[in-house]
Amino acid sequence: MSETIRVEFSCPDCGSKSFVFSAEPHSMDNVESCAGCGRAISKDDIIEHSRQIAKKRADEMVRNIFKR
Ligand SMILES: [Zn+2]
C-alpha cells in the first residue's frame, strides 16, 4: 500500500497539538516534545497514532459498506 494518510497528531497525554521541534522544518519528523505538558514525543508515538487513525478509518469504511 502506498497511500499516505495525513494525520493530525496530538499529544497522547494531554491532547495538545503544539509541539517543540528539534530542527527545521517543523514537521512530525522533527518533533521533540509536547509544548503543552513537556512529554517527550518519540517516532513510535507518532507511528502508533497513525496506526490507530488508519484502523479507525478502515473500521468506518467497513461500517459504511454494510450500512447500504
Ligand atoms: Zn502533552
Margin query: Criterion first (touching a residue at least 12 places away in the same chain (Cβ under 8 Å), surrounded by fewer than 11 Cβ atoms within 10 Å (Cβ to Cβ) and not β-branched (Val, Ile, Thr)) does residue 18 satisfy it?
Written below: yes
Notebook entry, point to check: Within the group 46, 65, 53, which residue is in contact with a helix residue (DSSP H, G or I) (Cβ under 6 Å, 6 or more places away or on another chain) and part of a helix (DSSP H, G or I)?
Noted result: 46
Item checked: Long-range neighbours under 9 Å by Cβ, at least six apart or interchain, first residue free of Cβ contacts under 8 Å to residues at least 24 places away in the same chain within region 39-65, second β-branched (Val, Ile, Thr) and more than 16 Å from the ligand (Cβ to nearest atom) -> none
Note to self: Regarding region 17-32, can at least one residue be identified that is out of contact with any Leu (no Cβ under 7 Å at 6 or more places or on another chain), among the aromatic types (Phe, Trp, Tyr), modelled with pLDDT under 90 and more than 11 Å from the ligand (Cβ to nearest atom)?
What the structure shows: no
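The values are calculated or read from the model by the stated rules, or taken from the named source; none is laboratory data. Nothing here was measured: the structure is a model prediction, and the numbers come from that model. Note: ideal-geometry Cβ built from the backbone for every residue, glycine included; neighbour counts use all protein chains shown.
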